[in-house]
1. Could you check the stretch 1-25 and list, in sequence order, the residues that are out of contact with any Lys or Arg (no Cβ under 9 Å at 6 or more places or on another chain), part of a loop (DSSP other than H, G, I, E, B) and open to solvent by less than 60 Å² (accessible area, probe 1.4 Å)?
2. Of all residues in the stretch 63-84, which are out of contact with any strand residue (DSSP E or B) (no Cβ under 6 Å at 6 or more places or on another chain), more than 14 Å from residue 52 (Cα to Cα) and free of Cβ contacts under 8 Å to residues at least 40 places away in the same chain?
3. Is there a residue being over 13 Å from the mean Cα position of the chain (by Cα) and under 23 Å from residue 1 (Cα atoms) anywhere in the stretch 32-48?
4. Evaluate the following for residue 27: is it aliphatic (A, V, I, L, M), farther than 26 Å from residue 121 by Cα and touching a residue at least 24 places away in the same chain (Cβ under 8 Å)?
5. Of all residues in the stretch 96-122, count the ones that are open to solvent by 40 Å² or more (accessible area, probe 1.4 Å) and modelled with pLDDT of 95 or more.
6. Grab the strands (runs of 3 or more DSSP E) fully contained in the stretch 34-95, keeping just those with 3 or more residues being surrounded by 14 or more Cβ atoms within 10 Å (Cβ to Cβ) and in contact with a helix residue (DSSP H, G or I) (Cβ under 9 Å, 6 or more places away or on another chain).
Amino acid sequence: QVQLVESGGGLVQPGGSLRLSCAASGIIISIYAMGWYRQAPGKQRELVAAITSGGITKYSDSVKGRFTISRHDAKNTVYLQMSSLKPEDTAVYYCNAHPGPIATMTPGSYNYWGQGTQVTVSS
């Protein structure tokens, strides 16, 4: 049974940094593309960062240059390093594993989601 456990969220001031982790079990992430998604109150879930099994990354325009996605396949874990955080980054952040190309990643692709981790950027 697939389980994804996100952690590392919290309250941070604008301009601050956080590192999110997504620990997977029940799957071997090395064969999957992995993505980080977020959902702000009243908004649809969106993809913010993705990484292929080979390490190629892709970012949404809203986070490009500020967020970095990485993976540690031996630990079955994916990370999201977030810097220069803005209030508009406030959301619940989720990860997921994708069996196809990252170009086909959409929030509607999955039946399972972990509990997510809350990121709040506020002074």
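The values are calculated or read from the model by the stated rules, or taken from the named source; none is laboratory data. Source: prediction; values computed, not measured. Backbone-built Cβ (ideal geometry, glycine too); neighbour counts: all protein chains shown. SASA here: full protein model, heavy atoms, side chains in, ligands and nucleic acids out. Shrake-Rupley method; radii C 1.70, N 1.55, O 1.52, S 1.80 Å.
1. Result: 2, 9, 16.
2. 64, 65, 66, 74
3. Looking for residues that are over 13 Å from the mean Cα position of the chain (by Cα) and under 23 Å from residue 1 (Cα atoms), one finds at least one in the stretch 32-48, hence yes.
4. yes
5. Residues that pass the stated criteria total 4.
6. Those strands (runs of 3 or more DSSP E) span 46-51, 77-82.
Per-residue answers, yes or no, for (1) closer than 21 Å to residue 103 by Cα; (2) hydroxyl-bearing (Ser, Thr, Tyr); (3) out of contact with any Leu (no Cβ under 6 Å at 6 or more places or on another chain):
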residue: 3; (1), (2), (3): no, no, yes
residue: 14; (1), (2), (3): no, no, yes
residue: 20; (1), (2), (3): no, no, no
residue: 26; (1), (2), (3): no, no, yes
residue: 30; (1), (2), (3): yes, yes, yes
residue: 36; (1), (2), (3): yes, no, no
residue: 41; (1), (2), (3): no, no, yes
residue: 54; (1), (2), (3): yes, no, yes
residue: 69; (1), (2), (3): yes, no, no
